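Written below as structure tokens is the structure these notes are about.
The values are calculated or read from the model by the stated rules, or taken from the named source; none is laboratory data. Values in this document were obtained by computation on a predicted structure and should not be read as measured data. No Cβ is skipped: glycine too gets one built from the backbone with ideal geometry, and neighbour counts run over all protein chains shown.
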């Protein structure tokens, strides 16, 4: 583990990503401490320009809400939705992939046709339809995003399981009389996971972007500040106060960039270990 | 190829049934939505409307009816627009196809060209700069990029229009109209396509970095082949194939991206129609849009398979024989 951390520190991309993510996480965690109370509440005079009032470092929006408070609370929503949607997609995909790869036959055929069906429908359209049917709230948005993201992990896990299930240790587990479900989930799945985890950064990044796009279109949770909804709000004042939509967008870019860089650093560190072994 | 075509039928069936079930989960039905838009109505009217739309039937028999009409290429009736869904989609689709087609072509050509530049000398300054730039671009949400482009090129510089697909009531015909539409599409195409440009650049670059390590490159070098020829004919050509596969995989994502971009630029296209269907709670329209987009994604992937056969002789011959 320590050796891995050292290898990660040697990759400049990985370190840059890690620092970005730590800063964003600190922003998200400190939000309720620095700006307790509802960030959507009116805090001061509307349309204050940035850097004009020390109480509002980045000014206020059309309704007099503090932009910095919104940005910090928005980081919470983005990170929370991104990570939980990716976790959900990885777990669901791993289970489906393991069952399909291990069971084979008709079960595999049916499961893989369902995976195909989810892959031909644009993930964003699916999320849009799901949110519009069930009503927007944070858990619904998480499920909606996971619906379009679980197929990648499912395919990858299945391919891994197909190659692992022929190995000797699986045959040994069979002769020991282990239950097939136990073999699938305790012996095979842990060995099939590493390449799937490499996919995690891409899934987190796209989940953050989809969440932002949903709330930009007004389909996010209306009771929570998100960067997407701040951009949508600021869009109405694009000519007079462009910073209102530019600032939260930079937050999004920083988040997604941090996730990608960190993911690349981890992949590099893992590859270097494999190369040495 | 025929097997793939037949194999896509059950997939499409699952899409239709899944979408239908999803829409069933919605509280209230089309008649409720219609009555709300009228400003209210009594129970008798609601029952009469339900009967005329067939909404008093069970969900299963309505699903069968829907599948039956789909087989006759009938997507049903849009409640929000009060006209057949197929005609509505056919009217909106060309704008989106232009948008997506141009964005894909631009992203693919520029992205792979820049990827060749970056991958020609892995680790050089040009390579580093292009890598960082493309990663930043790849991390940018398309709708926000669209707003920034509007701010710079439409509000400040006034080079391009801010929204729409053509100048309203301009009376332009022929080539003048084509140029007008192209003018309006520059910014939407850029904001939709730049992310994929970055993606193709990165794929091309990493693909080339891998090919450089292969033995045949060393052999080609030993034969004294010029550097340009080595880069283009031997390294880049072998790194190009995964990009073609990616083209098919990205079709679905791009269709999703067009929803947001068309909303930002007020392009009356297929994606914006999806947003309008959601806003108007028009379940039949949304179902039709999802089914049509699934058909489109399947079609693109079939085309990519055919193209792959042409580009990679190993695949092509195998297909012909079987």
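Values for this structure:
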| item | result |
| --- | --- |
| Matching residues, the range A:146-169, being more than 17 Å from residue B:15 (Cα to Cα) and within 14 Å of chain B (Cβ to nearest Cβ) | A:152, A:155, A:156 |
| Positions within the range B:14-37 being surrounded by fewer than 19 Cβ atoms within 10 Å (Cβ to Cβ), closer than 15 Å to residue B:66 by Cβ and modelled with pLDDT under 75, in sequence order | B:29 |
| Answer from A:87, A:24, A:6 - the residue that is out of contact with any helix residue (DSSP H, G or I) (no Cβ under 8 Å at 6 or more places or on another chain) and under 30 Å from residue B:128 (Cα atoms) | A:6 |
| Qualifying residue in the range B:214-225 (condition: in contact (Cβ under 8 Å) with a residue 12 or more places away in the chain, crowded, with 20+ Cβ neighbours inside 10 Å and touching a helix residue (DSSP H, G or I) at 6+ places or on another chain (Cβ under 9 Å)) | no |
| Some residue of the range B:252-263 being more than 18 Å from residue B:99 (Cβ to Cβ) and modelled with pLDDT of 85 or more | no |
| Residue A:234 being within 9 Å of chain B (Cβ to nearest Cβ) and touching a residue at least 60 places away in the same chain (Cβ under 8 Å) | yes |
| Meets criteria (within 14 Å of chain A (Cβ to nearest Cβ) and not in a helix (DSSP H, G or I)) for residue B:128 | no |
| Residue match in the range A:65-86 (condition: within 23 Å of residue B:7 (Cα to Cα) and either surrounded by fewer than 19 Cβ atoms within 10 Å (Cβ to Cβ) or modelled with pLDDT of 90 or more (or both)) | no |
| Criterion violated by residue B:14 - all others in (1) within 14 Å of another protein chain (Cβ to nearest Cβ); (2) without any contact (Cβ under 8 Å) to a residue 60 or more places away in the chain; (3) in contact with a helix residue (DSSP H, G or I) (Cβ under 6 Å, 6 or more places away or on another chain); (4) in a loop (DSSP other than H, G, I, E, B) satisfied | (4) |
| The lone exception for residue A:141 - which of (1) surrounded by 19 or more Cβ atoms within 10 Å (Cβ to Cβ); (2) within 11 Å of chain B (Cβ to nearest Cβ); (3) over 30 Å from residue A:188 (Cα atoms) it fails | (2) |
| Test: residue in the range A:188-199 that is within 14 Å of chain B (Cβ to nearest Cβ) and surrounded by 15 or more Cβ atoms within 10 Å (Cβ to Cβ) | yes |
| Tally, over the range B:22-68, of residues that are without any contact (Cβ under 8 Å) to a residue 12 or more places away in the chain and within 26 Å of the chain's Cα centre (by Cα) | 1 |
| Those residues of the range B:134-157 which are more than 9 Å from every other protein chain (Cβ to nearest Cβ), out of contact with any helix residue (DSSP H, G or I) (no Cβ under 8 Å at 6 or more places or on another chain) and in a helix (DSSP H, G or I), in sequence order | B:152, B:156 |
| Qualifying residues in the range B:259-280 (those that are under 14 Å from the mean Cα position of the chain (by Cα) and without any contact (Cβ under 8 Å) to a residue 40 or more places away in the chain) - the one nearest to residue B:190 (Cα to Cα) | B:259 |
| Members of the range B:163-184 that are within 22 Å of the chain's Cα centre (by Cα) and either assigned to a loop (DSSP other than H, G, I, E, B) or within 13 Å of another protein chain (Cβ to nearest Cβ) (or both) | B:163, B:164, B:165, B:166 |
| Test for residue A:218: is it outside any helix (DSSP H, G or I), within 13 Å of chain B (Cβ to nearest Cβ) and either modelled with pLDDT of 85 or more or more than 30 Å from residue A:9 (Cβ to Cβ) (or both) | yes |
